Every structure is written in structure tokens, then in C-alpha cells.
Amino acid sequence: MQPTGHLRGDAVHVAGDARQRFHDSNGYGRPLGGNEIALSRVETAHLLFRGDLSGVSLTPDADPVGFERFFVESAAAADRFAVRYLVYADLRDRGFYLSPAREPWPGGDVDAPDAVDFVAYERGSTPDTGDVKYPVQVVGERESLPAAGLAGRTLAVVDEESDITYFAATRGEIAGATDYEPPDQLDGVLLSDRVVVWDAPEGLYERGFYGQPLTGRAAAVEGAVQLSLVEAASLAADGVLSLSTSVGTAGESPSEGAAETDGPVAAVVARGRDVEGERFDRRLAVYKRLRAADAVPKTGFKFGADFRTYLDVETVEDLPHSEHLVRVVEGDHRFSPRELSLDVRLAGGVRKEMVFALTMVEGDGSGAGGDGGDDETAENGAVRDADVEWLSIGRLTP
């Protein structure tokens with residue numbers, strides 16, 4: 001005869017030989033005193049489903065109920081019980097011992113973030129040894145989750161058909177080995193959404209992988225390189241790029257020397273904000289961080305990202321495959337699981353690591369994600385400072 005449990009608040013108490021039967025041998029529950037243990041609702045449902053408990057009394061004088069009734073009652077009483085149960089059962093079937101980690105049932109002595117639902121222990125470890133393999137956060141397909149603080153967690157996304165996809169979120173780090181110093185001086189022409197350097201030195205593109213040459217079968221012009229606005233703004237901020245001419249965006253005539261009125265940095269940054277809005281500041285901040293780390297960022301448009309990165313560029317003729325896709329998001333960005341799955345799947349399909357750059361730009365007003373409209377630095381064209389947190393997310397098979 002299998003033992004019976006008794007619901008007490010949010011825990012189910014089981015007496016008899018429960019400690020030896022369930023906790024000591026299989027890592028279920030928490031010892032209370034003697035041989036009695038307390039089980040969480042999820043653990044109880046799993047034992048009922050397996051037939052290891054014969055039933056649970058929901059009130060002191062009530063007859064015990066089976067899995068179906070207990071599952072429905074728990075789904076009504078406990079937050080997101082159904083999706084949490086699916087993940088718990090799946091990881092148990094994969095051979096892991098788990099402890100619930102959310103209040104009012106914190107798991108073991110593990111210091112887990114509030115959003116973590118379970119801690120899964122290394123295979124062969126029990127809750128008593130505390131060797132955690134995965135801090136698991138359960139997410140439904142239609143929920144959203146904040147990007148900040150995800151590093152170090154395992155995301156278990158449950159879709160509408162109850163299939164589970166696991167993702168590992170880690171603190172990303174992009175460090176390159178590209179050894180290239182731009183020339184001391186470049187002179188460019190600011191067009192509506194790019195800058196042309198007519199007499200660029202060969203190494204600017206061939207070794208630094210800046211811009212794109214103007215080429216063609218019958219080209220009579222040599223040495224001309226088109227820079228994106230983010231490339232141009234970065235070079236101008238480093239004191240490398242000056243502007244001789246600026247072409248306006250609203251049918252204005254080219255103006256000789258007008259680009260230097262407020263300086264090349266202000267001119268290019270202001271143009272970037274004109275064509276892209278405040279996202280330009282975030283992308284510029286991330287671009288500069290990547291260049292400072294000796295990585296080469298190029299547009300990730302073909303992959304639906306902001307940048308693709310090359311870590312070690314010697315020459316463009318012998319270009320390696322890019323290693324990362326980088327998408328720039330605000331510091332308070334919230335992912336939808338569908339968005340996350342799409343980005344990660346695409347990056348994996350082209351053999352790249354998906355990295356999100358969480359940016360908190362100076363003058364946002366509300367931290368990250370504000371419109372910055374009242375900030376003086378947005379008006380005078382200065383390059384805003386930004387904190388950047390790198391978050392790498394990839395598929396995981398526990």
C-alpha cells in the first residue's frame with residue numbers, strides 16, 4: 001500500500017517511511033521531523049502521477065483524491081502550476097533531482113533569484129549536497145521576461161502544445177584580436193545616410209574592414225569607401241574623421257564647410273538620430289565597445305540583427321567567418337519567448353552565437369528605454385555614454 005499525503009497550506013505532509021522512501025533515495029521534499037517530510041505541490045503531483053502516493057487529503061477530514069483532482073485544485077491555487085509541473089516532470093524523467101526554488105517553498109540552501117522556479121542538481125547529486133547544475137526559470141510561450149538579470153539561468157519555455165525548449169543564458173563576452181589602427185586623418189562627405197571618403201587609404205577597408213569600397217567593372221574612381229553612419233560617428237569621435245561637405249536630408253543643397261560648424265561628431269550623430277531615432281545612440285555605443293575590444297562589427301541586416309562580428313581580421317581577402325550576431329536592446333527590454341527562439345534559432349542555423357547588448361544610455365530619463373527628448377546631449381549632437389551588458393543565449397539540451 002502506497003502512503004497518503006495531507007495538504008497543509010502549500011505543502012503536502014507525508015509520514016511513515018517517507019523520508020527514506022522519497023527524500024533520502026530520490027531527493028523529494030524536505031525532512032520535517034522523524035521520518036515525516038513536506039512535499040511541494042509540484043513534487044506531490046509527480047509522485048501521484050507515478051503511483052508512488054496513493055492519494056492526498058485536501059482537508060483534514062476529507063477522503064484522499066488522486067492525481068487528476070489534485071492537479072486541477074493545484075492549478076487553481078498555485079501560480080503557473082501547470083507549466084511548472086511539465087518542466088519538473090521532464091527534468092525528472094531526464095534523471096535530475098530538483099528542488100522548488102520559489103517562495104513559499106525555497107529549494108535547499110541555494111541562493112536563487114526570485115524568478116527561478118527550480119534548481120536542478122548535477123546528476124548523482126541530491127538537494128543535500130547542493131551541487132546545482134541548472135537554475136531553471138519556467139516561461140510560458142505567451143509570457144514575457146526581462147532581459148536584465150537573465151545571465152546564469154536556464155530558461156524552460158513551454159509552448160502551447162506543452163513541448164519544452166531549453167535555453168542557456170550566460171554573461172556574454174566578445175574579445176577580438178584584430179590589430180589595426182585607423183589613419184590619423186580622413187576627410188569625408190556626409191550624405192543623407194552615409195559618409196563617403198574619396199581618398200581612403202587601402203588599409204581602411206582591407207585591414208580594418210571599415211565601410212565598403214565604391215567599385216564596378218568600369219570604375220574610373222579608386223580609393224573611395226562608403227562608411228555607414230555608425231562607422232563614421234565612431235571614427236569622428238576618435239578624432240580621425242573630418243567632414244568637408246554635408247548634404248541635407250530635406251532637399252537642401254550641398255554646403256561646403258557647413259559640416260564643420262558644430263564639428264564632425266555632432267554632424268554625423270545628429271544625422272544618425274535623424275534617420276534612426278534614439279536607437280542610433282545605442283548602436284553607436286555598442287559599436288564603439290566592440291571596436292575597443294579589438295572585434296570588427298559589421299551590419300547584421302541579412303541576419304535580422306544589428307551587427308555581426310569578426311574577432312580576428314588580418315585582411316578582407318582572407319576573412320574568417322563571423323562569430324556572433326549582436327542585437328542591441330534597451331536595458332529594460334522584455335523578451336517574448338517567440339522573439340527569443342527566432343533569434344537563437346537563426347544564429348544557430350548560421351553557426352553563430354546570439355548575443356544581446358543591453359544598453360543603458362546616459363540621458364534616457366527613465367533609465368534605459370526613455371525617449372531622451374529632454375536631454376541636452378541629444379540636442380547638441382554629443383556622443384552619449386552608455387553602460388553595455390552582454391547577454392549570450394543559446395539552445396540547451398539538459
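Between rounded, prolate and oblate, where does segment 271-356 land on the alpha carbon gyration tensor, with a ≥ b ≥ c its root eigenvalues, rounded for a/c under 1.5, else prolate if a/b exceeds b/c?
On the way: a/c = 2.02, a/b = 1.14, b/c = 1.77.
Oblate, because a/c is 1.5 or more while a/b does not exceed b/c.
Mind jotting down the three principal axis lengths of the chain based on Cα atoms? Whole angstrom, largest first.
Computed over the chain, the largest-to-smallest principal extents equal 92, 46, 33 Å.
Of all DSSP beta bridges located in the chain, what percent are antiparallel, nearest 5?
Values: 57 of 77 bridges.
If we restrict to bridges inside the chain, about 75 percent are antiparallel.
If one takes the longest principal axis of the Cα atoms in the chain, at what angle in degrees, from 0 to 90 and to the nearest 10, does the Cα axis of helix 81-93 lie?
The angle comes out at about 80 degrees.
Got a sec to turn the phi values of segment 293-302 into Karplus ³J(HN,Hα) couplings, 6.51 cos²θ - 1.76 cosθ + 1.60 with θ = phi - 60°, whole Hz, x for Gly and Pro?
Once θ is set to phi - 60°, the couplings for segment 293-302 become 8, 6, 9, 10, x, 10, 4, x, 3, 4 Hz.
Plugging the Kirkwood radius over Cα pairs into Stokes-Einstein for segment 111-162, at a temperature of 20 °C and a viscosity of 1.002 mPa s, what D comes out in µm²/s? Provide the component values of the computation, followed by the final result.
Numbers: Rh = 12.1 Å.
Stokes-Einstein gives a translational diffusion coefficient of 177 µm²/s.
Find out how many positive minus negative residues lie around Ser144, taking Lys and Arg as positive, Asp and Glu as negative, among other residues whose Cβ is under 13 Å from that of Ser144. Walk me through the numbers on the way to the answer.
Values: positive: Arg142, Arg334, Arg338; negative: Glu141, Glu143, Asp332, Glu339.
Net charge around Ser144: -1.
Helix 264-276 against the longest principal axis of the chain: what's the angle in degrees, Cα atoms only, rounded to the nearest 10?
Between the helix axis and the principal axis of the chain, the angle is about 50 degrees.
Work the Kirkwood hydrodynamic radius out for segment 168-228: mean of 1/r over every pair of different alpha-carbon atoms, inverted, in Å. Each step should come with its number before you reach the end.
Details: mean 1/r = 0.0740 Å⁻¹.
Computed over segment 168-228, the radius equals 13.5 Å.
Can you order the peptides 316-322, 81-87 by their average number of other Cβ atoms within 10 Å per residue, highest first? Display every interim value, and only then the final one.
Details: 316-322: 11.7, 81-87: 20.4.
In descending order of packing, they fall as 81-87, 316-322.
By the gyration tensor of its Cα atoms, with a ≥ b ≥ c the square roots of the eigenvalues, what is the shape of segment 18-145: rounded for a/c under 1.5, prolate for a/b over b/c, or oblate? Don't skip to the end; give the middle numbers.
Details: a/c = 1.71, a/b = 1.13, b/c = 1.51.
Note, shape of segment 18-145 comes out oblate.
Do the sum for the chain: with -39,500 (n - 2.57) for every DSSP H run of n ≥ 4, divided by all residues, what is the mean residue ellipticity at 222 nm, to the nearest 500 deg cm²/dmol? Write out the running numbers ahead of the final one.
Numbers: 9 runs with 93 residues, N = 398.
Value at 222 nm, helices only, nearest 500: -7000 deg cm²/dmol.
With the Cα gyration tensor of segment 137-244 giving a ≥ b ≥ c as the square roots of its eigenvalues, does the rule (a/c under 1.5 for rounded; else a/b larger than b/c for prolate; else oblate) give rounded, prolate or oblate? Mind showing how you got there, number by number?
Numbers: a/c = 3.20, a/b = 2.65, b/c = 1.21.
Note, shape of segment 137-244 comes out prolate.
In segment 1-76, what is the volume of the convex hull around the alpha carbon atoms, normalised per residue and reported in Å³? Write down the numbers at each step before the final one.
Details: hull volume 6.4 nm³, N = 76.
Given the Cα convex hull of segment 1-76, per-residue volume reads 85 Å³.
Would you please give the residues with an amide H less than 5 Å from that of Thr126, counting only those at least 5 places away or on a separate chain, with H modeled from the backbone geometry?
Asp131
Bear in mind these aren't lab numbers, they're just calculated from the coordinates by the rules spelled out. Computed from a predicted model, the values in this text were never measured in an experiment. As a convention, Cβ positions derive from the backbone with ideal geometry for all residues, glycine included, and neighbour counts pool all protein chains shown.
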